Amino acid sequence: MSFLQPMAARFDLARSRAAAGDRGHLARLVIALLALVLALASLFGLAWGASDASMWSVLRDWAGMGDHALSARDRIIIYEIRLPRVVLGMLVGAALAVSGAVMQGLFRNPLADPGIVGVSAGAGLGAISVIVLGGTALAPVIALFGIYALPMAAFLGGLASTLILYRVATRAGRTSVATMLLAGIALGAMAGAFSGLMVYVADDQQLRDLTFWGLGSLAGATWTKVLSAGPIIAIALLAAPFIARGLNALALGEASAGHLGVPVQRLKAIAILTVAAATGAAVAVSGGIGFVGIVVPHLLRLLIGPDHRYLLPASALLGAALLVLADSVSRTIVAPAELPIGIVTAAVGAPFFLWILLRRRGILDL
């Protein structure tokens with residue numbers, strides 16, 4: 001482990017600089033470490049399971065260091081089952097974490113999260129509508145958009161929820177935390193009611209699919225799903241860094257950000273579209289996976305500070321790594337059965353959310 005000693009020394013130096021007020025060096029080092037963690041988590045996700053393949057055999061196969069590094073059976077398992085699942089987990093984890101970070105910057109509080117404030121529920125309603133009505137009322141939509149119909153419907157549902165939430169919770173340039181949370185509960189309940197109506201009219205096969213989809217899972221990951229959601233998530237993730245400086249200025253208030261030359265209305269529009277696109281596409285292919293959007297950005301904010309230039313890429317890396325590891329746990333902890341990944345993230349995220357509430361009770365203006 002001697003190769004880790006220089007990294008540990010750099011980390012200690014970066015922490016000492018951060019204590020002196022300069023967190024930029026620490027943030028860059030943390031991002032580099034998170035990239036390494038994501039690479040290791042991806043290898044773990046590819047190699048861990050019932051197959052005899054190991055991390056070393058996977059690496060040897062990638063490097064072309066032997067024609068028999070993987071058997072034909074293991075090659076199918078690795079490249080046709082596990083690899084699309086790992087890639088989809090990385091995309092969904094990054095999308096949810098970055099969406100949480102952007103929402104927290106937009107609303108200027110650490111409690112905003114797509115799952116908590118109803119955005120995910122709205123996206124879920126759009127996806128459920130396509131699943132249930134895709135063969136009847138929404139058949140023309142399916143024919144028009146093909147494999148992109150599901151993520152597009154989820155995007156529109158998430159966009160509508162985000163717009164309504166922002167209009168309700170923001171007044172005179174100030175967002176009320178209590179109003180945001182209560183409005184999110186109301187939006188989630190409304191979306192849940194309409195989703196329940198869709199479930200009521202679903203047939204037996206659709207009902208079974210919706211039950212497992214609602215708990216959150218990457219079990220049905222295929223390259224088709226990666227291709228349907230991947231471009232939308234990638235565009236949203238690429239757009240997020242361009243609003244980082246604007247989100248930093250927005251922390252001073254909309255009026256102050258405007259005086260600094262930030263186009264506030266355009267910034268808010270881009271932020272809302274980014275959250276809706278990333279969350280909608282993620283929910284469409286993975287179902288309800290909660291708490292990633294609040295745990296990851298808040299944890300990183302405690303470590304590297306609130307600068308979105310570093311917070312957004314760090315959130316993408318940690319969110320991707322966290323979800324890949326959670327998926328590895330979900331498919332092995334009760335093997336040969338598989339635990340929905342939403343249960344794993346909720347078991348970890350719910351206590352963390354309560355801890356945040358206990359630390360920040362003073363910000364709730366009830």
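Here, each number is a calculation from the coordinates, and none is a lab measurement. On a predicted model such as this, the values are computed, not experimentally measured, just so you know. FYI the Cβ positions are ideal-geometry reconstructions off the backbone, even for glycines, and counts take in every protein chain you see.
What to note about this one:
- Full-extension gain in nm, THR332 to LEU144, via 0.36 nm per residue minus C-alpha separation: 63.8 nm
- A simple count of charges around LEU227, restricted to other residues whose Cβ falls under 15 Å of its Cβ and scoring Lys, Arg +1 and Asp, Glu -1, yields +1.
- Neighbours of ALA314, meaning other residues whose beta-carbon lies under 13 angstrom from its beta-carbon, give a summed charge of +3 when Lys and Arg score +1 and Asp and Glu score -1.
- Computed on segment 4-359, with alpha-carbon pairs under 8 angstrom and 6+ residues apart, the relative contact order is 29 percent.
- Per-residue Cβ neighbour rank within 10 angstrom, fewest leading, LEU36, LEU26, LEU339: LEU36, LEU339, LEU26
- Pairwise FRET efficiency - ARG266 versus ILE235, Cβ, R0 = 22 Å, nearest 0.05: 0.80
- Here the peptides 73-80, 97-104, 306-313, 317-324 are ranked by packing, the mean other Cβ count within 10 Å, and the order with the highest first is 97-104, 317-324, 306-313, 73-80.
- Inter-part distance where segment 291-366 and segment 185-207 are each reduced to a Cα centre, Å: 26 Å
- Simple label model, 7 Å out from Cα along Cβ direction - THR224 to ARG208, nm: 1.8 nm
- Förster radius 45 Å - calculated FRET efficiency between ALA72 and ARG167 (Cβ-Cβ, nearest 0.05): 0.20
- Most fluctuating residue given options GLY24, GLY287, GLY188, as computed from a GNM of the chain linking Cα atoms under 10 Å: GLY24
- FRET efficiency, PHE242 to ILE356 (Cβ-Cβ, R0 22 Å, nearest 0.05): 0.20
- Extension gain, ALA251 to ALA189, is 19.3 nm, computed as 0.36 nm per intervening residue step minus the present C-alpha separation.
- Spacing of the modelled spin labels on ARG60 and VAL201, each 7 Å from Cα toward Cβ, amounts to 5.7 nm.
- Normalised by residue number, the volume inside the convex hull of the Cα atoms of segment 273-356 is 99 Å³ per residue.
- For the peptides 263-270, 119-126, residues were scored by their other Cβ atoms within 10 Å and the scores averaged per peptide; the highest-first order is 119-126, 263-270.
- Shape annotation for the chain: C-alpha extents along the principal axes are 65, 61, 36 Å, from largest to smallest.
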